[in-house]
Structure formats: C-alpha cells, structure tokens
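Asks: Just dropping this structure here.
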Amino acid sequence: MAAALTGNRHHAADIVEVELRTHRGGCLCGSVRYEVDGKPAVVAHCHCINCQKASGSGHSTGAMYRDDQLRLTGNTASYKYKADSGHEVARVFCPTCSSSILGRNTGSKGFSTITLGTLYDSSQFEPQVTVFARNRKSWDIIDESVPTFDAQPDWKPPENV
C-alpha cells in the first residue's frame, strides 16, 4: 500500500508549497475554524457507507494529519460509532451548521482526517488512494489513475510524517 500512496501528478513546486504551507479551513457558518501545517500523511477518497451518509454524496475526501499539525478553534460536537474493523470513529462537526470538519479513528491514534471540502483552498491536494470502492454508487465516478481498494487496506500512517 505504501507504494500506492506515493504517486502525485502535481509539479515539484506544488509539492513543496503543500509541504511548507499552513492550510486554513472552517465550517459553513464560520463558527469552527482550523489550521493544519504542511503535508498530510495521505489524501483519500472513501466510499464506505458511513462516509456516504455523513457527506450526503457518493464518497468523502479527506487529508490525514498528525494531531500536532492541527489547530482547531470554536465549539464542536461529535458523533461516535464502531466501524466494521472494530475501531471507534468520531466524526467532528459544527453544532450550528452541521459541517463535517474532521474524523478520528482509534486505528490511527494521533491523527485526524480533515474533510477536504472545508479547506478554504484545497487546490494543491490530490487524492492518492480510493478505499471501499466496493460501495461505490454507479453515479459516483472513480478516477482510474488513483490506486483503488475494495475495502480498507491494512495500512497505518508512517511514524515519520
């Protein structure tokens, strides 16, 4: 899986910008804001049923960061559930406008996955992997150039990210 996560179609200058930049985002109403520093461990499309329900679409797209790269301000609420893997997942959202801000999974302790659509500028990010493709809806097209897995591969974020 690690080899599948290294592909990137951006130019070298774009990659350096993502690695050095502070990225900002927030919810629809502006009550919750965040900043993340540098490069994410991975950017992924997820087609699992829970992501479909939470996003109201065919998939969600998230960028996983170490928690020490993330600064979150404003009041948030969360919804927790047990994933098929047995890990607990927490979805963090704005209690006012219900924007999904990030997710945490006990299988990736010390990491949070921000919802890419909440970034003020997500143009430098590119999905590196698609997971739970077995749940893809016929109307939600998968980019065939992105490594795709029917379920969640056995992968953990690198410790040196």
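Asks: Residue by residue through the range 89-112, note down the ones that are under 14 Å from PRO157 (Cβ atoms) and either in a loop (DSSP other than H, G, I, E, B) or touching a residue at least 60 places away in the same chain (Cβ under 8 Å) (or both).
Replies: Across the range 89-112, the qualifying residues are LYS109, GLY110, PHE111.
Asks: If you don't mind, there's one more thing I want to ask. Can you confirm whether the range 117-127 contains a residue that is charged (D, E, K, R), assigned to a strand (DSSP E or B), touching a residue at least 12 places away in the same chain (Cβ under 8 Å) and under 20 Å from GLY25 (Cβ atoms)? Quick ask: steps written out before the conclusion?
Replies: Applying the first criterion (charged (D, E, K, R)) to the range 117-127 yields 121, 126.
Those still in the list that are assigned to a strand (DSSP E or B) too: none.
Checked against the condition, which is being charged (D, E, K, R), assigned to a strand (DSSP E or B), touching a residue at least 12 places away in the same chain (Cβ under 8 Å) and under 20 Å from GLY25 (Cβ atoms), the range 117-127 yields no hits at all.
Asks: While we're looking at this one, here's another question. Do we find a residue being assigned to a loop (DSSP other than H, G, I, E, B) and at pLDDT below 95 anywhere in the range 24-35? Talk me through it step by step, then tell me what you get.
Replies: Step one: filter the range 24-35 for residues assigned to a loop (DSSP other than H, G, I, E, B), giving 27-32.
With at pLDDT below 95 added as a condition, the list becomes none.
No, the range 24-35 has no match at all.
Asks: Take SER55 and decide whether it is touching a residue at least 24 places away in the same chain (Cβ under 8 Å), crowded, with 20+ Cβ neighbours inside 10 Å and not β-branched (Val, Ile, Thr).
Replies: Judged against the criteria, SER55 is not a match.
Asks: With farther than 14 Å from ALA41 by Cα and surrounded by 15 or more Cβ atoms within 10 Å (Cβ to Cβ) as the only criterion, which of SER123, SER85, SER145, SER100 stands out?
Replies: The conditions single out SER100.
The values are calculated or read from the model by the stated rules, or taken from the named source; none is laboratory data. Not measured: the values here are computed from a predicted model. Because the Cβ atoms are built from the backbone with ideal geometry, glycine has one as well, and the counts that use them run over all protein chains shown.
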